[in-house]
Every structure is written in C-alpha cells, then in structure tokens.
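Peer 1: Below you will find the structure I want to go over with you.
The values are calculated or read from the model by the stated rules, or taken from the named source; none is laboratory data. Note that the coordinates shown come from a computational prediction; the quantities given were computed from them, not determined experimentally. A quick note on method: Cβ atoms are made from the backbone with ideal geometry, for glycine too, and the neighbour counts reach across all protein chains shown. Ligands, DNA and RNA are stripped out before the accessible areas are found, and what is left, the full protein with its side chains, is counted by its heavy atoms. Shrake-Rupley method; radii C 1.70, N 1.55, O 1.52, S 1.80 Å.
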Amino acid sequence: MRTIVRALVLVLVVAFLAGAWQARHPGPARRPVAGRPFGTAPRARARPAVAATRLVGVRAARQDGYDQVVFTFHGGLPGWRVAYVPAVRRDGGDQVVPLRGQAFLAVVFDPAAAHDPRGAPTFPDRTITTTYPTLRQVRFAGDFEGQVAFGVGLGGRTGFRVTELTGPARVAVDLRT
C-alpha cells in the first residue's frame, strides 16, 4: 500500500513540475488548425434533424491572413452549405438581399431556426458591415421552414473555408485576404 501511495505522489509531483515548466517555457506559438484549405468550390455538410438547434449569435473578426464570420448555435451544430452565388435571395421568395461588395456567398444552415418557440429572434444583430479587406457585409436572409440563411458580401471572389467548432457550437467561415 505504501508503495502505491509513493508512486502516486511521485506521479503528481512530476505532473506539477511539467506543468510549471510548460507555463514558464511555452515554446513557439501555435496557430489553431482551421479545417480545410481555402477554395472557391461550394462546401456542404449534411446533418440529421435535431430539435431546437437555434442560431444565437453572429460576429465578424479579422485574423492574420483571413477575415472570419462566426455563427453560434444552441442545441448542437446544424448542417450547412456555403457557395458563391450571383445574388443572395431571401428564403421562401425571390427577393434579392442587398449586400455591399462585388462577390457574394450564400450561407444556409439546415436544420436550424433563428427564433424561439414564441417566434422571437434568438440573435441580436441581423446585419454586420465592416471595413475589412475582404469581408464587406453579413446580412440575415431568412428563417424559413427549418433553414436559416445569410448573405455575405465580399470585396471580390476569394478562397474560403468552413470550420466547425464546439464549446459552444459554432460554424466559422474564413475568407482569405
């Protein structure tokens, strides 16, 4: 029994010292691995229907080498489609969504909702306008029959990639600058 206790104490001391060493000497900074390489072909990921997957946030950010749009969900990750289109159209109709820029991406989440059971929106901002090199505007395009859609206006056609993140559930669309 004494041997087991000593071995356990030794393991804990070594783990503590290794953690202290890593905190003082972190080594070179590592960029997170971010999904697939950049490209212009349509990207998609299907998912089975899950109850209560709701969009709760949309934000834009500048990163080193790319602009980014992040969609945050409650209740899990929905399926998604991202593709260049001549014009973004509202779900459930043929109305064009006005967007700043010269090139346009349609981003569709399915199955998903952007409203609660009472019909109230579950995310605050419906349009994001930036002065970033590539990303010009993100605009809500609809919440219709289990699909949530957005239009993304860009300064020009460029490569993009889509990354799924957890904790919370997010889908990030990176736009090469």
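Peer 1: According to the Kirkwood expression over distinct Cα-Cα pairs, how big is the hydrodynamic radius of the stretch 44-172, in Å?
Peer 2: Details: mean 1/r = 0.0681 Å⁻¹.
One over the average 1/r among Cα pairs gives 14.7 Å for the stretch 44-172.
Peer 1: In Å², and per residue, what accessible area does the stretch 30-177 have when probed at 1.4 Å with the other protein chains present?
Peer 2: Numbers: 7440 Å² over 148 residues.
That works out to 50 Å² per residue.
Peer 1: Please report, as a whole percent, how much of the solvent-accessible surface of the stretch 35-104 comes from carbon and sulfur atoms (probe radius 1.4 Å). The partial results should precede the final answer.
Peer 2: Details: 1940 of 3800 Å².
Using a 1.4 Å probe with all protein chains present, the stretch 35-104 comes out at 51 percent carbon and sulfur.
Peer 1: With θ set to phi - 60° and the Karplus curve 6.51 cos²θ - 1.76 cosθ + 1.60, what are the ³J(HN,Hα) couplings of the stretch 145-158 in order, to the nearest whole Hz, using x for Gly and Pro?
Peer 2: Each residue of the stretch 145-158 in turn: 6, x, 10, 10, 10, 9, x, 10, x, 10, x, x, 5, 8 Hz.
Peer 1: Moving on to the next point. Local charge sum around V148 (other residues, Cβ-Cβ under 11 Å, Lys/Arg +1, Asp/Glu -1)? Let's see the in-between values first.
Peer 2: Numbers: positive: R54; negative: D91, D110, D143, E145.
Once positives and negatives cancel, what remains is -3.
Peer 1: Compute the distance from the alpha-carbon center of the stretch 48-79 to that of the stretch 98-174, in whole Å.
Peer 2: Cα centres, the stretch 48-79 to the stretch 98-174: 8 Å.
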